[in-house]
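Beneath this line is the structure, given in structure tokens, with notes to follow.
The values are calculated or read from the model by the stated rules, or taken from the named source; none is laboratory data. Note that this is a predicted model, so its numbers are computed, not measured. Here the Cβ positions follow ideal geometry from the backbone for every residue, glycine too, while neighbour counts run over all protein chains shown.
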Amino acid sequence: MKFHVITLGCQMSAADGAETAADFRRRGWQATAVPAQADAIFLTTCSVRRHAEERALSLIGRLREWKAQDPRRLLVVAGCVAQRLGSRLTKRFPHIDCVVGARHAGHYAEIVAEALKDRISASPQAMPKPLATPRGAGIPLGGPVQHLTIIRGCSCACSYCIVPSVRGSESCRPVEEILDEAHARIQNGARELTLLGQRVNAYRSDGMDFPDLLRALDALPGLRRLRFMSPHPTLCTDRLAAAIRECRTVCEWVHLPAQSGCDRILGLMRRGYSRQQFLDTAERLRATVPDVVISTDIIVGFPSETETDFTQTLTMLEELRPATAFCFKYSARETTPAAALADDVPAPVKEKRLAAVNAAVERLTRQALDAQVGGIVEVLAETSTFGRTRTGFKTRWQSPAAAGDLISIRVNSATRRTLLGDINEPNTP
Ligand code: 5AD
Ligand code: SF4
């Protein structure tokens, strides 16, 4: 049985895809990068914005042809769109064999294997018995940089966001399970782990909170770097800042989603902070963690956002000075509280504001990259000539290094998004 995995959406969706691929392998299936050679396609989907959902639906539509070439082929649709639309998906796309929603993330493989067991045994290469290996052993080599989901779901009440209704409320994985998985991933080649959760710093389990978990993971031998995303600004405590500063592996990069710089809009978004409180949080982080680099998320064109409100977002960005930002046009999502508000910012205005905010971000990124030129940075090689700094800057160099090594790079110049340099000297600890 050969399978092909396609992931759309956030890193959590990508992590779900990678985990499912590992579980399929444990069951004796083989991964293929070529859909034409696959007996099964496993697709995880995103519904955070309408555009993301449309992308998923259009891909499912196009896979009709793949399925028609051999009706024994299996198409499995998982993730947020599967959760939201459920059986409406199979009605619209009868060529789907199995729909499994995001609330089952972490158990996709067993659900798929059970739901399709008769079909799988009739497939061109029937499924052999599951391998008798412990859970961690199924985790793929996956390269030196891997993700690890620590919280599923979200208990936040941001008015624009569909995630809590799609993925359900927050559920934290037990500390032991996380430590075991981290250990297994390190054994299988991971050198950098990114902890994932919609509100990753809301973690609480077995008497430990998020800073405690960072400290516990920091002690794992073989781990070189630890990142996390996305923390919620209201939960960025002094204890968290201290853990970032004090933990050897925790990187000096924090993705801190602002969403807006206007108090009135932040109130309507139900973010739980004002512009000044947000900026103070960033300032406190910077005071505790020297050279920390901040990135953020911005939504433009939220219902009732005026030109003056939007200007507040632009001036907030100038104060925050993020190294980068992901900027989105507001997209009204069914069942969210904000969907009850008139989506009254016209599409061309949203477009204009998005372009303006992206231009500001481009300039801030340029400045952040230029500030690195002439310096020496520590890079974790993800391939022989590409890696990232602790602060998250993409970096390229010429003479090949071994993937997984920490190397020292002298930065000579920067393109739009990437630092370019030469290996300074081996810096492996
Ligand atoms: N419209 C536009 N952007 C959204 N995001 C979440 N929901 C919406 C929406 N309805 C953005 C936020 C969030 C990121 C993951 O997606 O900026 O931080
Ligand atoms: Fe998209 Fe949110 Fe689901 Fe991630 S959790 S795939 S961003 S809807």
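Values as computed for the structure displayed
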read-out: Options R248, R264; residue that is closer than 18 Å to L195 by Cα and away from ligand 1 (no atom under 14 Å from the Cβ); value: R248
read-out: Qualifying residue in region 267-281 (condition: out of contact with any helix residue (DSSP H, G or I) (no Cβ under 9 Å at 6 or more places or on another chain) and surrounded by fewer than 16 Cβ atoms within 10 Å (Cβ to Cβ)); value: yes
read-out: Test: L43 is within 16 Å of ligand 2 (Cβ to nearest atom) and over 24 Å from the mean Cα position of the chain (by Cα); value: no
read-out: So T281, is it more than 16 Å from ligand 2 (Cβ to nearest atom) and farther than 27 Å from R50 by Cα; value: yes
read-out: Meets criteria (among the aromatic types (F, W, Y), under 26 Å from P164 (Cβ atoms) and touching a residue at least 12 places away in the same chain (Cβ under 8 Å)) for F93; value: no
read-out: Which numbered condition T395 fails, given (1) at pLDDT below 95; (2) within 22 Å of the chain's Cα centre (by Cα); value: (1)
read-out: Residues that are in contact with a Ser or Thr (Cβ under 9 Å, 6 or more places away or on another chain), within 18 Å of T149 (Cα to Cα) and among the charged types (D, E, K, R), drawn from region 1-53; value: D16, E19
read-out: Set P346, P322, P290: member being under 25 Å from V377 (Cβ atoms) and either loosely packed, with under 14 Cβ neighbours inside 10 Å or within 16 Å of ligand 2 (Cβ to nearest atom) (or both); value: P290
read-out: Subset of region 1-26 [away from ligand 2 (no atom under 16 Å from the Cβ) and either among the aliphatic types (A, V, I, L, M) or crowded, with 20+ Cβ neighbours inside 10 Å (or both)]; value: M1, F3, A21, A22, D23, F24
read-out: Members of region 183-221 that are within 16 Å of the chain's Cα centre (by Cα) and part of a loop (DSSP other than H, G, I, E, B); value: G197, Q198, R199
read-out: Yes/no for S47 being of a type in the set (S, T, Y), assigned by TED's automatic domain parsing to the domain that holds I96 and farther than 30 Å from I178 by Cβ; value: no
